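First the structure, in the form of structure tokens, and then the observations on it.
The values are calculated or read from the model by the stated rules, or taken from the named source; none is laboratory data. Quick caveat, the model's predicted, so the values are computed rather than measured. Virtual Cβ from ideal backbone geometry, glycine too; neighbours counted across all protein chains shown. In case anyone asks, the SASA skips ligands and DNA or RNA and just uses the protein heavy atoms, side chains included. Shrake-Rupley method; radii C 1.70, N 1.55, O 1.52, S 1.80 Å.
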Amino acid sequence: MVKPIYIAGEWKNGRGDLRSTFFPADGSSNADIATANVDDVEEAVQAADQAWRDPSWRNSLPHERAAILYRVADLITARASELAALQTRDNGKPLTETMGLVMSAAGTARYFAAACETLDESLPSQRSRDFMTASVHEPLGVVVAITPWNSPIASEMQKIAPALAAGNAVIVKPADATPLAALELAKLFEQAGLPKGLLSVLPGRGSVVGEALARHPKVNKISFTGGTSTGRHLAHIAAEKLIPISLELGGKSPTIVLEDADIEMAARGVCYGIFSSAGQACIAGARLFVHQSIYDTFMARLLELTRGLRVGHPEHADTHMGSLINMAHLDSVAGFVERARTDGGTVLCGGERLTGKTASCDYDAGCFYAPTIISGLNNSSYVCQEEIFGPVLVVLPFDDEADLIAQANDSIFGLAAGIWTENFRRGWRLARTLETGTIWMNTYKKFSVSAPFGGFKESGLGREKGRAGVLEYMQQKSIYVGLSDEPNNWSA
């Protein structure tokens, strides 16, 4: 049975290629989907343009839009286990992680519902007895949200919720490999009473569907999470059209362990920061800087923890690390490790695809790679500079703080960083020197939907989450109101 897609509030087969999605843990089929083509794009955009301009939506009060988001949050919560299982089937993450992503999506909907209700509609200011000004924020119109495969449901809600809260219409182009979560979200928004046309979900090839959406003259905003090369391409399109774009792109995040760090806390935090999600996260702490004075002690504990990670079937509750997304990506990760060996790096643990069978997991059938730690490279090496997007950590000892800062910032990326220290004053000063959008101190990969998230340098433009996140989907207008009873005396 072919799974339909959601076009302008209607469930129908797309007019594009028939595509199949697979469970990366064992290669079994998830669904067959008739994807969208350029005709579906045209239908969705025309309907979205009409829907956001419709007075019943455009003039809706904030609490009315918020009510839809609150209902969606409740529906997500009620179906959390089912949605987490679906997300796990989609991309191979362990259920413990996907449950967290599902609950994050529910929290995001609630946050932007509240933000919608409390966002200032106007800011009056009287600078003269003759006139008054007011500043208002209004929707942009049709928004395209292009989302990644590594955390679909959370990423999709981080775009859909603020865009709708701001009064826009949204067209989601999910990643080719993971369309199922976005289609389920469409069902929940439909059930929550979102008017037709305000949301479409168009699975399909980025080179066809994503390209057509980005270039469409009635699309007024692009929001993209994914690879830097694609983000740069979309930025060129947005520049040609003179429309705003939000980009959340790659990372090669430094994690710093200072000499006074709590060894156990830091080792566990570093291990989680790189190996959770099998390293398939833009924020993964992929470059580890450890002070020379504690290097041997710290590395002994980190290697012990890493070798103890349970890599296995993502549907099993005791699994730490599931599969990679597909064989092509596994081959890419393996290629980086071989490049590290060629460049003189030493593989301290891992460094290979997992094979064979256990009672709970058939590694041969899936895309499993061992958590890997590499030493002996310098920060300028290929593997230290390029984003691997897999369970590979490169370790670099240091003994001079100025040199540490220079190395940590020596990257085209600037998404995240971690600092482990018991000296909070020193940690704060160090944090202010790092060229990244998010910094964790004595923790890692913790998020609040109220805190803006985004990158420096080639890690992106704009911010998601927080009040800044909803303003990304609005444009500001100033209105002047004359107060004087006297006419303008410029003319005779």
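Restricted to the range 362-416, and to residues that are assigned to a loop (DSSP other than H, G, I, E, B) and without any contact (Cβ under 8 Å) to a residue 40 or more places away in the chain, which residue is farthest from the chain's Cα centre (by Cα)? Even if it seems obvious, please write down each step before you answer.
Quick first cut of the range 362-416, residues assigned to a loop (DSSP other than H, G, I, E, B) only: 366-368, 370-371, 376-381, 386-391, 399-400, 410-412, 415.
Checking which are without any contact (Cβ under 8 Å) to a residue 40 or more places away in the chain leaves us with 376-378, 380, 400, 410.
Values: Gly376: 31, Leu377: 29, Asn378: 29, Ser380: 27, Asp400: 34, Asp410: 23 Å.
Here the answer is Asp400.
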Consider Leu330 carefully, then state whether it is part of a loop (DSSP other than H, G, I, E, B), hydrophobic (A, V, I, L, M, F, W, C) and open to solvent by less than 70 Å² (accessible area, probe 1.4 Å).
-> no
Complete set of residues in the range 200-209 that are outside any loop (DSSP other than H, G, I, E, B) and surrounded by fewer than 24 Cβ atoms within 10 Å (Cβ to Cβ) = Gly206, Ser207, Val208
Which residue pairs have Cβ atoms under 8 Å apart, sit 6 or more places apart or on different chains, and have a first residue in the range 228-251 that is under 17 Å from Tyr473 (Cα atoms) and a second that is open to solvent by less than 30 Å² (accessible area, probe 1.4 Å) and of a type in the set (Lys, Arg)?
-> Ile243/Lys221; Pro244/Lys221; Ile245/Lys221; Ser246/Lys221
For the range 466-492, name all the residues that are assigned to a loop (DSSP other than H, G, I, E, B) and surrounded by 10 or more Cβ atoms within 10 Å (Cβ to Cβ).
-> Glu472, Tyr473, Leu483, Ser484
Scan the strands (runs of 3 or more DSSP E) fully inside the range 96-180 and keep the ones with 3 or more residues being surrounded by 20 or more Cβ atoms within 10 Å (Cβ to Cβ).
-> 142-146, 169-173
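How many residues, within the range 333-357, are among the hydroxyl-bearing types (Ser, Thr, Tyr) and crowded, with 22+ Cβ neighbours inside 10 Å?
Total meeting the criteria: 0.
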Mind listing whichever residues of the range 256-288 are more than 20 Å from the chain's Cα centre (by Cα), β-branched (Val, Ile, Thr) and buried (at least 24 other Cβ atoms within 10 Å of the Cβ)?
-> Ile256, Val257, Val270
Kindly indicate which of Asp32, Asp54 is of a type in the set (D, E, K, R) and in contact with a Lys or Arg (Cβ under 7 Å, 6 or more places away or on another chain).
-> Asp32
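Is it fair to say Ile76 is more than 25 Å from Lys465 (Cα to Cα), in contact with a helix residue (DSSP H, G or I) (Cβ under 8 Å, 6 or more places away or on another chain) and either crowded, with 21+ Cβ neighbours inside 10 Å or of a type in the set (D, E, K, R) (or both)?
no
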Members of the range 208-248 that are among the acidic types (Asp, Glu) and within 16 Å of the chain's Cα centre (by Cα) | Glu248
Could you please tell me which pairs satisfy a Cβ distance under 6 Å, a separation of 6+ or placement on different chains, a first residue in the range 452-476 that is on the phi > 0 side of the Ramachandran plot, and a second residue that is among the hydrophobic types (A, V, I, L, M, F, W, C) and open to solvent by less than 70 Å² (accessible area, probe 1.4 Å)?
-> Gly460/Leu247; Gly460/Leu249; Lys465/Val449; Lys465/Phe453; Gly466/Ala451
Quick check: anything in the range 216-230 open to solvent by less than 20 Å² (accessible area, probe 1.4 Å), out of contact with any Ser or Thr (no Cβ under 8 Å at 6 or more places or on another chain) and closer than 30 Å to Asn379 by Cβ?
-> no
Answer yes if at least one residue in the range 30-40 is modelled with pLDDT of 95 or more, assigned to a helix (DSSP H, G or I) and in contact with a strand residue (DSSP E or B) (Cβ under 7 Å, 6 or more places away or on another chain), and no otherwise.
-> yes
Could you please find all residues in the range 10-29 being open to solvent by less than 60 Å² (accessible area, probe 1.4 Å) and either more than 17 Å from Glu211 (Cα to Cα) or modelled with pLDDT under 95 (or both)?
-> Ser20, Thr21, Phe23, Pro24, Ala25, Gly27, Ser28
Would you mind stating whether Ser375 is at pLDDT 95 or above and surrounded by fewer than 21 Cβ atoms within 10 Å (Cβ to Cβ)?
-> yes
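Tell me, which residue of the range 305-316 that is in contact (Cβ under 8 Å) with a residue 24 or more places away in the chain and out of contact with any helix residue (DSSP H, G or I) (no Cβ under 7 Å at 6 or more places or on another chain) is surrounded by the fewest Cβ atoms within 10 Å (Cβ to Cβ)? Full working, then the answer.
Looking only at the range 305-316, we keep the residues that are in contact (Cβ under 8 Å) with a residue 24 or more places away in the chain, and these are 305-307, 309, 311-316.
Still in the list and also out of contact with any helix residue (DSSP H, G or I) (no Cβ under 7 Å at 6 or more places or on another chain): 307, 311-313, 316.
On the way: Arg307: 13, Val311: 21, Gly312: 24, His313: 23, His316: 15.
Per the criteria, the residue is Arg307.
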Out of the range 219-254, which residues are outside any helix (DSSP H, G or I) and among the hydrophobic types (A, V, I, L, M, F, W, C)?
-> Val219, Ile222, Phe224, Leu242, Ile243, Ile245, Leu247, Leu249
List pairs: first in the range 426-437 and without any contact (Cβ under 8 Å) to a residue 40 or more places away in the chain, second in a helix (DSSP H, G or I), Cβ under 6 Å, 6+ apart or cross-chain?
-> Thr433/Ile405; Glu435/Asn409
